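Written out below as structure tokens is the structure these notes cover.
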Amino acid sequence: MRRLEGKTAIVTGGGRGIGRGIALRLAEEGALVAVHYGRRRDAADEVVRTIEDNGGAAFAVEADLESVDGVHRLVRSLDEELATRSDSRHFDILVNNAGIGTSSTFEETTEDMFDGLFAVNVKAPFFLVQQSLSRIRDGGRIINISSGVTRIAYPHIMAYNLTKGAINTFTLHLAQLLGLRGITVNAVLPGIVDTDVNASWLHTPEGRKHAEDISALGRIGEPSDIADIVAFLSSSDSRWITGQLLDATGGSHL
């Protein structure tokens, strides 16, 4: 039996990159997957089609997470979609993956840039979990996608790094809050992963060599590397792990 058979999972930012890999992997384990997207409906639909073509179940759901109103819209849409499929608005797994980055240095960062990063990367997960407390089943799983930049200093993207530090703190306190319900909360901290976000610099000889050289394993991370970790944390195999920050950088900068 697949480890997530009968479970329902929500993956924010599930249409592209790491989120896409996670959505595909959770569906492979038997979960019904809600693939959230912000603007790229085509990408989310492609993920849903791929899941269904492989015998899984999924649906796409849209919401702009730049505001709390968007979070409320996502929750309402999930309620409606889930009710048509299972006659219940409850779910088991929430993966807070959606996020935005920046190419602005510390000196170049404006207040609007700073606020935008925190809105999507911190405020949205905070209020999405808050709104989900009555919907996520006891014994459920919350997995937050953080970043290796909380361990490795990259001061040129400091504002982004601060948002991931906040997610780590959120993970710790949420695990304590929800522990008695059997809900585990953990964060996964990826390093450099081969996604379209990184393609412009990673797919150059210099960029590839840099990424390979800083990893103890001597290679670049793939979305599947992160997705497999999330699948483990989503399953009963991880039942005794909570409040943890799992470094998934391939041993970068050890």
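The values are calculated or read from the model by the stated rules, or taken from the named source; none is laboratory data. Predicted, not measured: the structure shown is a model, and the values here were computed from it. All Cβ positions, glycine included, derive from the backbone under ideal geometry; neighbour counts span all protein chains shown.
Points worth noting:
- Any chance THR171 is assigned to a loop (DSSP other than H, G, I, E, B) and touching a Ser or Thr at 6+ places or on another chain (Cβ under 8 Å): no
- Restricting attention to region 178-204 and to residues that are in contact (Cβ under 8 Å) with a residue 60 or more places away in the chain and over 30 Å from TRP240 (Cα atoms), the residue that is surrounded by the fewest Cβ atoms within 10 Å (Cβ to Cβ) turns out to be ASP196.
- Restricting region 123-165 to residues that are outside any strand (DSSP E or B), under 14 Å from the mean Cα position of the chain (by Cα) and of a type in the set (A, V, I, L, M, F, W, C) leaves a set whose member that is surrounded by the fewest Cβ atoms within 10 Å (Cβ to Cβ) is PHE126.
- Within region 64-122, considering residues that are without any contact (Cβ under 8 Å) to a residue 12 or more places away in the chain and of a type in the set (S, T, N, Q), the one surrounded by the most Cβ atoms within 10 Å (Cβ to Cβ): SER88
- Filtering LEU65, LEU82 for residues that are under 23 Å from GLY182 (Cβ atoms) and not in a strand (DSSP E or B) leaves a single hit, LEU82.
- When restricted to residues that are buried (at least 24 other Cβ atoms within 10 Å of the Cβ) and in a loop (DSSP other than H, G, I, E, B), region 1-27 contains 5.
- Single residue of region 205-221 satisfying the filter (of a type outside the set (Val, Ile, Thr) and touching a strand residue (DSSP E or B) at 6+ places or on another chain (Cβ under 7 Å)) that is surrounded by the fewest Cβ atoms within 10 Å (Cβ to Cβ): SER215
- Complete set of residues in region 60-72 that are within 18 Å of ARG89 (Cα to Cα) and either in contact with a Ser or Thr (Cβ under 9 Å, 6 or more places away or on another chain) or of a type in the set (Ser, Thr, Tyr) (or both): VAL61, GLU62, ALA63
- Listed by first and then second residue, the pairs linking a residue in region 205-218 that is closer than 13 Å to ASP194 by Cα to a residue that is in a helix (DSSP H, G or I), with Cβ atoms under 6 Å apart and 6 or more places separating them unless they lie on different chains, are GLY207/TRP201.
- Pairing residues of region 223-245 that are at pLDDT 95 or above with residues that are buried (at least 20 other Cβ atoms within 10 Å of the Cβ) and basic (Lys, Arg), at Cβ distances under 6 Å and at least 6 apart in sequence or on separate chains, gives ALA227/ARG25; ALA231/ARG25; SER234/ARG141.
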